[in-house]
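All remarks here apply to the structure that follows.
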Amino acid sequence: MMEVTYLGVIIKAILILAIISAVAGFGTYIERKILAFMQRRLGPMHVGPYGLLQIAADGIKLFTKEDFIPQNANKLIFMIAPIITAATAFIALSAVPVFPDFTIFGIFVPSVASDINIGILFVLGMMAAGLYGPLLAGMSQANKWGLIGAARTAAQFVSYEVVTGLSLLAPIMMVGSLSLIDFNHYNETHAWMVFTQPLAFVLFLIAGFAETNRTPFDLLEHEAEVVAGYATEYSGMRWGMFFIGEYANMITIAVLASIVFLGGYTDLGFIPGWLAIILKIAFMFFLMLWVRASWPHVRPDQFMWLAWKVLMPLAVINVVITGIVIMV
Amino acid sequence: MSLEQFKNRNVGVQHYRMLDLSHTPQTGWGQFKQVVRRTLSLELFVGLKVTLREMTKALFFGKMHTTKYPFEKLPVGPRYRAIHEMKRLLESGHYRCIGCGLCEKICPADAIRIETAYGEDQRKQVQEYTINFGRCIFCGYCAEVCPELAIVHGGRYETASEQRASFSLFDDMLTPIDRLKEQKEFPGYGSVSPDADKRIHKTPLAY
Amino acid sequence: MIPFAFYLFAVLITGLFLVAVLSRNVLYAMTSLAAGMVLISGLFFILGADFLGVVQLIVYVGAVMGLYAFAMMFFDVSREVRETRSNPWLVFLLGGGIALMLVVMFAAPIVGDSVKALYPPVAHTTNPQAVGLVLFTKYLLPFEVASVMLLVAMIAGIILAGRKMEISLSAMDEDILPETKENA
Ligand code: SF4
Ligand code: SF4
């Protein structure tokens, strides 16, 4: 183990910021393309080869749009709400190991920018704090649709945070550590957690969809019901920040699922670790888009019902069974 | 024929498939059983399968549906009635409009404006003929009333333009003289007879 | 580095809580409360108590989220709240007195220079393990009592909220609706 230097950490932080914001932008392109293919359309085609520069066009559009603040809105809160979403999404990523350790120009770059030994809790906590973005946005904009969106944020957060935590508790008990790096080491010697904890994996996926506000559960901005929910009054770059935050959160959930349940960045046969994790993250990302193309939204009451009457009991039972198995 | 039959517009054989909607369970136990049944029958994954199938079809079997619209256009049916066309006589190529002004009179939107004057042959001649497409409601009255089948609706459906005038002038709507051969005539009641050129006399202006 | 970070956090937290107390706008008050709670977790991180820091983060983020729900229901957030104080001096004296008492209570050991860890951390344990060791040995009884108390509160909440849950107003016939309203 080489020594972790400030320079290495800084390089890692810059890498995360650069790669993730690029990937988040690219994610919008991928999302449109895949949704289009699943509906047998072509998707964006005209800006650049195969529409690749569509991201740049969107960026220009977002940057040059009028930054609109409604008259009765609480201006300060309205303005900082999108920043909360984007910032917390990136802070959460700082504790996630994305690639194996590597050395560049003789500088040791650690796999994770800040290796706090409770990494997984930190990520969950930060993603939870990120939900203040939609909540504050919805409450400050003096718009009833926004208020409904904010109310739904509160409900969704309080319910699904429980499920995420409980579903991850069983794997945490098996590994005996909260550090994501330990999770990865665990995978080197044991079978993938999907096979030993399938129920936890499914629960985590469902709750992850809810936490990232992805389609079967995107009640916060479900356009058929509440116009755009918390984002109704937003325009331009402030709206874009919500978007970046959402995509960064998707990536976080994908990375978490890959590391905890799918073997992380351990070498997979002949595939080197860094490629393996990229493939896994890409698959998780694709799964989110796939589900979006396939399944309809759920009703809010069904959504709450699902959390408290199905997922939470299942998660608790899973934890108890895991505990018994570990004890015996 | 009773009213019931009259209202039944289902012509031909219908192929409706009735869904087997079992009624909502009333008891908690029934609901629980329904949830378990639905979860374990993996109905959700059928949806995923369908979208994946469509994607593979589109990507690898050339079943993409997209028409790249401004570059490719789908053909419109011959009976499509969009932007007006002014027709010419088939043989001489002279425009058919005799300047009777009926279309201007009947237009409910007051969109047509026609001006006529003496020609050199002392006959009525169309001086100016415009349709304001900002007002036209495409009711089709003008084509209906025209005694000479001079104004008809054509298949041009792109009503977006930088200037309103760019497709509302007489010359723009008139069949170009070099494409007279392509001017389509449809047989049937009220259509122009092949020797219309001989039979149509230009209206003398003195009335 | 660490003293600087501490003073930064301390000033920020105090300032935010002042806003929470003094602001007349619900949204400002709540938001600064939430931000202050999040920053308190920073203090834990400085002390190396990562686990407690994250617990602070998760618990208070959720708790203040609940407060927001109440704010949403009770106030129009775009307006200022008008308070009616019948006896401002009494409020000031009581509130200030309690605050002063708390400060004295917590600051007294520092003056006496007798801050000592009753349970020094066991060697070779990670943060969560250390918390667990203390929690399940010395503080087992308070821990269990607290959990029972929370359970009681939870059940009471469910009973209060769930009493009329079976009745669905939208599924009712129009003509019996008014009479149920009177009963309710
Ligand atoms: S279609 Fe109707 S509205 Fe349009 S010009 Fe003809 S008569 Fe007027
Ligand atoms: S009704 Fe026909 S013939 Fe008469 S003026 Fe109009 S277009 Fe010309």
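For B:ARG135, work out the one condition from (1) modelled with pLDDT under 85; (2) assigned to a helix (DSSP H, G or I); (3) surrounded by 12 or more Cβ atoms within 10 Å (Cβ to Cβ) it doesn't fulfil.
Tallying (1) modelled with pLDDT under 85; (2) assigned to a helix (DSSP H, G or I); (3) surrounded by 12 or more Cβ atoms within 10 Å (Cβ to Cβ), B:ARG135 fails exactly one: (2).
From the list A:ALA24, A:ALA36, A:ALA81, which one is in a helix (DSSP H, G or I), at pLDDT 85 or above and within 20 Å of A:TYR230 (Cβ to Cβ)? Even if it seems obvious, please write down each step before you answer.
Details: A:ALA24 fails: at pLDDT 85 or above; A:ALA36 fails: within 20 Å of A:TYR230 (Cβ to Cβ).
After applying the criteria, what remains is A:ALA81.
Any chance region B:65-78 includes a residue that's within 10 Å of another protein chain (Cβ to nearest Cβ), under 30 Å from B:SER168 (Cα atoms) and either of a type in the set (S, T, N, Q) or within 16 Å of ligand 2 (Cβ to nearest atom) (or both)?
yes
Sort out which residues of region B:78-108 are touching a residue at least 60 places away in the same chain (Cβ under 8 Å) and loosely packed, with under 10 Cβ neighbours inside 10 Å, and write them in order of number.
Of everything in region B:78-108, just one residue is touching a residue at least 60 places away in the same chain (Cβ under 8 Å) and loosely packed, with under 10 Cβ neighbours inside 10 Å, namely B:PRO78.
What number of residues within region C:53-102 are within 13 Å of chain A (Cβ to nearest Cβ) and in a helix (DSSP H, G or I)?
Going through region C:53-102 one residue at a time, the tally reaches 22.
Somewhere in region A:200-208, is a residue free of Cβ contacts under 8 Å to residues at least 24 places away in the same chain, within 24 Å of A:VAL316 (Cβ to Cβ) and outside any helix (DSSP H, G or I)? If you could, list the steps in order and put the result at the bottom.
Within region A:200-208, the first condition is being free of Cβ contacts under 8 Å to residues at least 24 places away in the same chain, and the residues that meet it are A:202.
From what's left, within 24 Å of A:VAL316 (Cβ to Cβ): A:202.
In the following step, the residues that additionally are outside any helix (DSSP H, G or I) were identified as none.
Scanning region A:200-208, I find no residue that is free of Cβ contacts under 8 Å to residues at least 24 places away in the same chain, within 24 Å of A:VAL316 (Cβ to Cβ) and outside any helix (DSSP H, G or I), so the answer is no.
Anything in region B:131-153 that is on the phi > 0 side of the Ramachandran plot and within 14 Å of ligand 2 (Cβ to nearest atom)? List them, or say none. Even if it seems obvious, please write down each step before you answer.
Going residue by residue through region B:131-153, those that are on the phi > 0 side of the Ramachandran plot are B:138, B:140, B:149.
Selection gives B:GLY140, B:LEU149.
Looking at (1) assigned by TED's automatic domain parsing to the domain that holds B:ALA150; (2) more than 16 Å from ligand 1 (Cβ to nearest atom); (3) part of a helix (DSSP H, G or I), can you tell me which one B:LYS105 breaks?
Evaluating B:LYS105 over (1) assigned by TED's automatic domain parsing to the domain that holds B:ALA150; (2) more than 16 Å from ligand 1 (Cβ to nearest atom); (3) part of a helix (DSSP H, G or I) leaves (2) as the failure.
Of everything in region A:148-161 that's within 9 Å of another protein chain (Cβ to nearest Cβ) and not hydroxyl-bearing (Ser, Thr, Tyr), which residue is surrounded by the most Cβ atoms within 10 Å (Cβ to Cβ)? Before the answer, list the steps.
Looking only at region A:148-161, we keep the residues that are within 9 Å of another protein chain (Cβ to nearest Cβ), and these are A:150-151, A:153-155, A:157-158, A:161.
The next check asks that each one be not hydroxyl-bearing (Ser, Thr, Tyr); those that pass are A:150-151, A:154-155, A:157-158, A:161.
Details: A:ALA150: 27, A:ALA151: 22, A:ALA154: 22, A:ALA155: 18, A:PHE157: 25, A:VAL158: 18, A:GLU161: 23.
My answer is A:ALA150.
Those residues that are of a type outside the set (Phe, Trp, Tyr) and crowded, with 21+ Cβ neighbours inside 10 Å, I need them from region A:223-239; list them, please.
Step one: of region A:223-239, the residues of a type outside the set (Phe, Trp, Tyr) are A:223-229, A:231-233, A:235-238.
Once the filter is applied, which keeps residues that are of a type outside the set (Phe, Trp, Tyr) and crowded, with 21+ Cβ neighbours inside 10 Å, region A:223-239 yields A:VAL226, A:GLY229, A:ALA231, A:THR232, A:GLU233, A:ARG238.
What residue, among those in region B:89-102 that are touching a helix residue (DSSP H, G or I) at 6+ places or on another chain (Cβ under 7 Å) and part of a loop (DSSP other than H, G, I, E, B), is nearest to ligand 2 (Cβ to nearest atom)? Full working, then the answer.
Let us first name the residues in region B:89-102 that are touching a helix residue (DSSP H, G or I) at 6+ places or on another chain (Cβ under 7 Å), namely B:89-93, B:102.
Filter once more, keeping what is part of a loop (DSSP other than H, G, I, E, B): B:89-93.
On the way: B:LEU89: 12, B:LEU90: 16, B:GLU91: 18, B:SER92: 16, B:GLY93: 16 Å.
Residue satisfying both the conditions and the ranking: B:LEU89.
Can you tell me which residues in region A:172-199 are touching a Gly at 6+ places or on another chain (Cβ under 7 Å) and not in a loop (DSSP other than H, G, I, E, B)? Let's see the steps before the verdict.
So in region A:172-199, the residues touching a Gly at 6+ places or on another chain (Cβ under 7 Å) come out as A:173, A:178-180, A:183-184, A:187, A:192.
A:MET173, A:LEU180, A:PHE183, A:ASN184, A:ASN187 - these are the residues of region A:172-199 that are touching a Gly at 6+ places or on another chain (Cβ under 7 Å) and not in a loop (DSSP other than H, G, I, E, B).
What number of residues within region A:129-146 are surrounded by fewer than 24 Cβ atoms within 10 Å (Cβ to Cβ) and either within 7 Å of chain C (Cβ to nearest Cβ) or touching a Leu at 6+ places or on another chain (Cβ under 8 Å) (or both)?
1
Quick one: C:LEU43 ticks every box in (1) more than 17 Å from C:VAL21 (Cα to Cα); (2) away from chain A (no Cβ under 14 Å); (3) loosely packed, with under 12 Cβ neighbours inside 10 Å except a single one, so which number is it?
Answer for C:LEU43: the failing condition is (3).
How many residues does region B:112-132 contain that are closer than 17 Å to B:ASP171 by Cα and either surrounded by 15 or more Cβ atoms within 10 Å (Cβ to Cβ) or among the polar types (S, T, N, Q) (or both)?
Matching residues across region B:112-132 total 10.
Within region A:265-277, how many residues are part of a loop (DSSP other than H, G, I, E, B) and either closer than 19 Å to A:MET127 by Cβ or free of Cβ contacts under 8 Å to residues at least 24 places away in the same chain (or both)? Give the derivation first.
Just the residues of region A:265-277 that are part of a loop (DSSP other than H, G, I, E, B), to begin with: A:265-267, A:269-270, A:272.
Filter once more, keeping what is either closer than 19 Å to A:MET127 by Cβ or free of Cβ contacts under 8 Å to residues at least 24 places away in the same chain (or both): A:267, A:269-270, A:272.
Number satisfying all stated conditions: 4.
Is it fair to say A:GLY165 is touching a helix residue (DSSP H, G or I) at 6+ places or on another chain (Cβ under 7 Å), among the small types (Gly, Ala, Ser), surrounded by fewer than 24 Cβ atoms within 10 Å (Cβ to Cβ) and in a helix (DSSP H, G or I)?
Values: touching a helix residue (DSSP H, G or I) at 6+ places or on another chain (Cβ under 7 Å): yes; among the small types (Gly, Ala, Ser): yes; surrounded by fewer than 24 Cβ atoms within 10 Å (Cβ to Cβ): yes; in a helix (DSSP H, G or I): yes.
Taking the combined requirement at face value, the residue satisfies it.
Which condition number does B:ASP172 fail, the rest of (1) modelled with pLDDT under 75; (2) in contact with a helix residue (DSSP H, G or I) (Cβ under 9 Å, 6 or more places away or on another chain) being met?
Tallying (1) modelled with pLDDT under 75; (2) in contact with a helix residue (DSSP H, G or I) (Cβ under 9 Å, 6 or more places away or on another chain), B:ASP172 fails exactly one: (1).
I'm trying to understand the selection: among the residues of region C:35-63, which are more than 23 Å from C:ALA130 (Cα to Cα) and modelled with pLDDT under 85?
C:VAL61, C:GLY62, C:ALA63 - these are the residues of region C:35-63 that are more than 23 Å from C:ALA130 (Cα to Cα) and modelled with pLDDT under 85.
If I filter region B:81-90 down to residues being under 18 Å from B:ARG123 (Cβ atoms) and away from ligand 1 (no atom under 16 Å from the Cβ), which single residue comes out as farthest from the other protein chains (Cβ to nearest Cβ)? Show your work before the answer.
First, pick out the residues of region B:81-90 that are under 18 Å from B:ARG123 (Cβ atoms): B:86, B:88-89.
Now narrow it down to the ones that are away from ligand 1 (no atom under 16 Å from the Cβ): B:88-89.
Details: B:ARG88: 39, B:LEU89: 44 Å.
My answer is B:LEU89.
Which members of region B:108-132 meet the condition of being within 7 Å of ligand 1 (Cβ to nearest atom) and not in a loop (DSSP other than H, G, I, E, B)?
First, pick out the residues of region B:108-132 that are within 7 Å of ligand 1 (Cβ to nearest atom): B:108-109, B:111-112, B:131.
Residues satisfying the conditions are B:ILE112, B:ILE131.
The values are calculated or read from the model by the stated rules, or taken from the named source; none is laboratory data. This structure is a prediction, so every number in the text was calculated from the model and none was measured. Reconstructed Cβ throughout: ideal geometry from the backbone, glycine too, with neighbour counts over all protein chains shown.
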